[in-house]
Each structure stands twice: as structure tokens, then as C-alpha cells.
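The values are calculated or read from the model by the stated rules, or taken from the named source; none is laboratory data. Everything numeric here is computed off the predicted structure, so don't read it as measured data. Quick reminder, even Gly has a Cβ in these numbers, built from the backbone with ideal geometry, and neighbours come from all protein chains shown.
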Amino acid sequence: MIIKAGGSHSIRLENVKPGRAFDLVTSPAPLSTFHFMCRVDPAGAGSTISQSVAMSGPLGGVFSAMMGSRLAAGFEAILTGLARAAESAPNSA
């Protein structure tokens, strides 16, 4: 994964459910693991796309307090882009 600041991090995908969900796990900072949970849930005639993050490890709480709000603020742009891509994709049903 390449981040805006120009750095990169190894990632691992877990709990992959094609078209519905996946978890992205990475360790971008010492003694911590960031676990991003990404979901697409049916909602009426459309879908709801959501993302959350949990931080664990010996410094997970420290990074959560320092960076949690900033990471969450970035989710809106990511989710908007995902929604646009999903809405413009041909229906595969």
C-alpha cells in the first residue's frame, strides 16, 4: 500500500467476501497493528459502504489517540470514491 505521504506499507487481506467485505491489516508504526474493516451492505435499492479502523499492539492505544480522528476523517473521500466506482460499474447480476 502506498500512502499520500509517499511511504509504503505491507498489507494483508483477511475475511474477504467478494462484493461484500474485506479487512486490510497493516503495521505502519512500531509495536502496532492497524486493522481496517471495509463493508458493503444492502440498503433498500442500493448499498451502504462503510469503513472502520481498530489499532492494537503495545502502542495501539497511543496511535489510536494520536491518529484515530485524522484517519477517520480521511474515510469520507475514500468511501465517496468507492461509491462512485461501484455506481458506474456494469451490473454483474
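For the criterion of being without any contact (Cβ under 8 Å) to a residue 24 or more places away in the chain, basic (Lys, Arg) and touching a strand residue (DSSP E or B) at 6+ places or on another chain (Cβ under 8 Å), Arg84 fails. Out of the residues in the stretch 38-63 that are closer than 22 Å to Glu87 by Cβ and touching a Ser or Thr at 6+ places or on another chain (Cβ under 6 Å), state the one that is modelled with the highest pLDDT. Among those residues, the one meeting the criterion is Arg39.
Return yes when Met66 is in contact (Cβ under 8 Å) with a residue 12 or more places away in the chain and at negative phi and no when it is not. For Met66, the condition - in contact (Cβ under 8 Å) with a residue 12 or more places away in the chain and at negative phi - is not met. Within the stretch 44-87, the residues that satisfy the criterion of being outside any helix (DSSP H, G or I), loosely packed, with under 15 Cβ neighbours inside 10 Å and of a type in the set (A, V, I, L, M) are Ala45, Ala54.
Pairs linking a residue in the stretch 1-19 that is within 30 Å of Pro42 (Cβ to Cβ) to a residue that is part of a loop (DSSP other than H, G, I, E, B) and aliphatic (A, V, I, L, M), with Cβ atoms under 7 Å and 6 or more positions apart or on different chains, are Ile11/Met1.
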